[in-house]
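Structure first, commentary second.
Computed from the coordinates by the stated procedures, all read-outs in this text should not be read as laboratory data. No experiment lies behind these values; they were computed from the predicted model shown. Cβ placement follows ideal geometry from the backbone for every residue including glycine, while neighbour counts extend to all protein chains displayed.
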Amino acid sequence: MENDAFGTRDKRGHWRPNGALSGVAPIYALPPQPMRVLRWLPEYLLPWNALFAATALLYWWLVVPPAETMQTLSLGWIWPMLAVNAVAVFLFYGVFELRLYVRRAQGARFKYNPAFPADRPSKAFWWSNQTRDCIARTFLSGVPIWTALQVLILWAWANGVGAWVTWEVAPVWLVVLMVLVPVVHEAHFYAIHRLIHVPFLYRHVHSVHHASVNPSPWSSLAMHPVEHLLYFAGALWYLLIPAHPVIALFALHRAGFGAIPGHVGFDKVELGGDRAMDTHAYAHYLHHKFFEVNYGDGLVPFDALFGTFHDGTPDGDMAMRARLKERRERQLARDAQSGA
Ligand SMILES: [Zn+2]
Ligand SMILES: [Zn+2]
């Protein structure tokens, strides 16, 4: 599949897709534009959000034990969940890593950064190896903290702690909430993400995630344990919002498995023939490349509101440079004033 029709490569080999990203999802249009929202819904739901909703439902039916079992904390039911989460992450992340980064099945076609991390050892990583470092962090603290919060939520539900409702009592509300899970996830993520870009927290916590300047699939959950905790804590909102535990599971799957699309490093995954799947990775890729843009993915409009949105175009580059230059000058003026 030829990628020149979909984007351009600069002379350093970096590829950018044609067109501009949208920083404001159509749900925020005023006056409301229902037809635009309807046209956007398939892109919102497919493939990722529908997939993670489905995995949450399967998990609820196949893995979660009866409420009576979960009323008491016991390793007998916690270990199997940890094992299923670990195996699922290994398989889901592994498929992308194996196809795109080990076998390099589509070379660098649709790859934003032409380099493959395995070809560029870096001291920023344990063992100077991005993939091994990221895998270690995923399984040392990522999956255990995800599972711990999941256990806490299910234990709370089994003991009647929280604002839980049943599908019989509130079916319409629960369907609406299910559709809104990715929006709640992103609002939470945006807030904690801005927080961990505060210099002290960036230095001690978030710099671990940003070591992947050229992200690859395993970068997704390569975080400091404090970031893991803040990140997966997005599911705790469903202890306060009237919900069903399957919705909290969906939030955890959106966070845990849903980190992949933003870090895959490719704009499209080729599926054979002329078919390819859009990853929607570009907005977050730009965050890894430029650090101070796109704290969210546009599903909440905060980047556009606060002036940190980068639409991926050369104009977006210029706007970002002008903003950073202005900030530097303001800082210099402040420093000069306080030194005077
Ligand atoms: Zn990231
Ligand atoms: Zn960041």
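Values for this structure:
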| read-out | value |
| --- | --- |
| Of P199, P301, P215, the one that fluctuates the most in a GNM where the chain has Cα springs shorter than 10 Å | P199 |
| For segment 46-97, fraction of C-alpha pairs farther apart than 12 Å, in % | 71 percent |
| Over 14 Å [Cα-Cα, segment 288-333], rounded percent | 51 percent |
| Sum of side-chain charges, Q337 neighbourhood, beta-carbon under 13 Å (Lys, Arg +1; Asp, Glu -1) | 0 |
| Part-to-part distance (alpha-carbon centres) for segment 30-93 and segment 297-336, which is given in Å | 35 Å |
| Positive dipole terminus of the chain, leading residue within G94, N18, Q71 (C-beta point charges) | N18 |
| Burial ordering of D267, D274, fewest other beta-carbon atoms within 10 Å first | D274, D267 |
| Within a Gaussian network of the chain (alpha carbon springs, distance under 10 Å), most fluctuating of L75, L58, L154 | L75 |
| Taking M223, M178, M35 and counting other C-beta atoms within 10 Å, the order from fewest to most | M35, M178, M223 |
| Total formal charge among the other residues, if their Cβ is under 14 angstrom from that of V269, Lys/Arg +1 and Asp/Glu -1 | +2 |
| Theoretical ellipticity at 222 nm over the chain - DSSP helices of four or more residues, -39500 (n - 2.57) apiece, nearest 500 | -16000 deg cm²/dmol |
| Segment 21-160: proportion of alpha-carbon pairs further apart than 24 angstrom, % | 56 percent |
| Mean separation of Cα contacts under 8 Å, 6 or more apart, over the residue count of the chain: relative contact order % | 24 percent |
| Anchor K325: lysines whose Cα lies under 19 Å away (excluding residues fewer than 8 positions away in-chain) | K289 |
| Kirkwood Rh in Å, taken over segment 151-236 so that all alpha-carbon pairs contribute | 15.2 Å |
| Tilt relative to the chain, helix 245-256 - C-alpha long axis, 0 to 90 degrees, to 10 | 30 degrees |
| Sequence of W167, W146, W173 once ranked by neighbouring C-beta atoms within 10 Å, starting from the fewest | W167, W173, W146 |
| Gaussian network model of the chain, Cα within-10 Å springs - most flexible of N49, N129, N214 | N129 |
| Principal axis dimensions, the chain - Cα atoms, whole angstrom, descending | 61, 52, 48 |
| Table column - 3J(HN,Hα) (Hz), segment 169-184, Karplus curve with 6.51, -1.76, 1.60, x for Gly and Pro | 7, 9, x, 5, 4, 5, 5, 4, 5, 4, 5, 8, 3, x, 6, 4 |
| Amide hydrogen neighbours beyond the local backbone of A276, cut-off 5 Å, H modeled | L271 |
| If the convex hull is drawn through the Cα atoms of segment 192-331, its volume per residue in Å³ | 144 Å³ |
